[in-house]
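The values are calculated or read from the model by the stated rules, or taken from the named source; none is laboratory data. Bear in mind the structure is a predicted one, so any value in this text is a computation, not a measurement. Neighbour counts run over all protein chains shown; Cβ positions are idealised from the backbone, glycine included.
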Amino acid sequence: MFCGIDLGSRHIKIALANGPESIKFYVYDTIEFYKKYGRKQDDSLVVDFQALGLPELNIENGQDRLVTTGYGRNTVKIKGGTDIPEIKAHALGAVWQTGMTDFTLLDLGGQDSKVVLVRNGKVTDFQTNDKCAAGSGRYLENMAGVLGINVEELSAYWQNPVDLSATCAIFGESELVGKIIEGYPVEELSSGVNYTIYKRIKPMLLQLASPVVVFTGGVAQSKALQHILTTELGTEIVVPRYPQYNGAIGCCVAAGMA
């Protein structure tokens, strides 16, 4: 069995596979995962797979393989696992999911964004933005809360966007409140919020440009962001079948899953 774990800032994603045609996914809140299902042993974290409702891995005799990556990779090492850089994991996952070898990968996660240039199936360059949440899923959740709607409704709007210029997530909330007070409709404010995400990632996408952009991460399910990227960049936007599990899939690939 191949097990890939993406230690995200908001969620832990796990992929379990007996092979390419047999893969299952599981997701857990990050804090709950560490509090309830992990215990420190020396310099490693021992994961209680049984408590998670997952099969125990037989790693010692080589029957099963575990590879991990993600936001917590540099601070947490899971016992029995091999850790790989998250850029590599996401690139491997995107190649496996799409069957393509030349593209630009855009991954929008809970608290950061990554743009990766992939050529011949290998990472040739990348940029990340983890200094501010304004280009992430957390930002969209916060702004949706200010507007009194959910993220799914927010993702439906891209027309007639209100110009929002604040580049900081905290100041962005204050600016949005001001626009609400000025009387702008929720639909146009939602469009403006979605365009602020695009403006944050646009420089990275232009610098690492390709005719095709593979869009992954939980935010990849946003219809508004898909439309904005297609319209503004003039490129093909490909959202794989499991965008939010892309890093965990990449770990399975690194573990030996064909």
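Consider Ile180 against the criteria (1) in contact with a Ser or Thr (Cβ under 9 Å, 6 or more places away or on another chain); (2) hydrophobic (A, V, I, L, M, F, W, C); (3) part of a helix (DSSP H, G or I): it satisfies all of them except one. Which criterion is unmet?
(1)
Go through region 4-37 and report how many residues are modelled with pLDDT of 90 or more and within 24 Å of Asp112 (Cα to Cα).
Qualifying residue count, region 4-37: 20.
Scan region 53-72 and give yes if some residue there is at pLDDT below 90 and β-branched (Val, Ile, Thr), otherwise no.
Yes, region 53-72 contains at least one residue that is at pLDDT below 90 and β-branched (Val, Ile, Thr).
Across region 185-222, what is the number of residues that are more than 24 Å from Tyr245 (Cα to Cα), modelled with pLDDT under 95 and either of a type in the set (S, T, N, Q) or not in a helix (DSSP H, G or I) (or both)?
Qualifying residue count for the region: 1.
Quick one: which residue in Ala166, Ala156, Ala134 is aliphatic (A, V, I, L, M), touching a Lys or Arg at 6+ places or on another chain (Cβ under 9 Å) and at pLDDT below 95?
Sole residue among the options that is aliphatic (A, V, I, L, M), touching a Lys or Arg at 6+ places or on another chain (Cβ under 9 Å) and at pLDDT below 95: Ala134.
Criterion first (closer than 24 Å to Leu105 by Cβ and in a loop (DSSP other than H, G, I, E, B)) does Ser165 satisfy it?
no
Please determine, by comparing only the residues of region 107-123 that are over 18 Å from Ile237 (Cα atoms) and among the charged types (D, E, K, R), which one is modelled with the lowest pLDDT.
Within region 107-123, the match that is modelled with the lowest pLDDT is Asp112.
Name the residue that is farthest from the chain's Cα centre (by Cα), counting only residues in region 17-50 that are in contact (Cβ under 8 Å) with a residue 60 or more places away in the chain and assigned to a strand (DSSP E or B).
Gly19
With (1) within 18 Å of Leu92 (Cα to Cα); (2) buried (at least 18 other Cβ atoms within 10 Å of the Cβ) as the list, and Phe33 as the residue in question, which single condition is left unmet?
Only one criterion in (1) within 18 Å of Leu92 (Cα to Cα); (2) buried (at least 18 other Cβ atoms within 10 Å of the Cβ) is unmet by Phe33, namely (1).
Would you call Gly109 within 30 Å of Cys252 (Cα to Cα) and surrounded by 14 or more Cβ atoms within 10 Å (Cβ to Cβ)?
Numbers: within 30 Å of Cys252 (Cα to Cα): yes; surrounded by 14 or more Cβ atoms within 10 Å (Cβ to Cβ): yes.
Spelling it out, Gly109 is indeed within 30 Å of Cys252 (Cα to Cα) and surrounded by 14 or more Cβ atoms within 10 Å (Cβ to Cβ).
Has region 104-116 got at least one residue that is polar (S, T, N, Q) and either more than 14 Å from the chain's Cα centre (by Cα) or over 24 Å from Lys202 (Cβ atoms) (or both)?
Yes, that holds for at least one residue.
Going by the conditions given, is Asp83 free of Cβ contacts under 8 Å to residues at least 40 places away in the same chain, surrounded by 21 or more Cβ atoms within 10 Å (Cβ to Cβ) and farther than 21 Å from Ser113 by Cβ?
Working: free of Cβ contacts under 8 Å to residues at least 40 places away in the same chain: yes; surrounded by 21 or more Cβ atoms within 10 Å (Cβ to Cβ): yes; farther than 21 Å from Ser113 by Cβ: yes.
Considered against the rule, which asks whether it is free of Cβ contacts under 8 Å to residues at least 40 places away in the same chain, surrounded by 21 or more Cβ atoms within 10 Å (Cβ to Cβ) and farther than 21 Å from Ser113 by Cβ, Asp83 comes out as yes.
So, Leu54, is that one in contact with a strand residue (DSSP E or B) (Cβ under 9 Å, 6 or more places away or on another chain), farther than 30 Å from Asp125 by Cα, touching a residue at least 40 places away in the same chain (Cβ under 8 Å) and surrounded by fewer than 22 Cβ atoms within 10 Å (Cβ to Cβ) or not?
yes
Answer yes if at least one residue in region 118-134 is free of Cβ contacts under 8 Å to residues at least 40 places away in the same chain, closer than 30 Å to Ile249 by Cβ, of a type in the set (Gly, Ala, Ser) and assigned to a helix (DSSP H, G or I), and no otherwise.
yes
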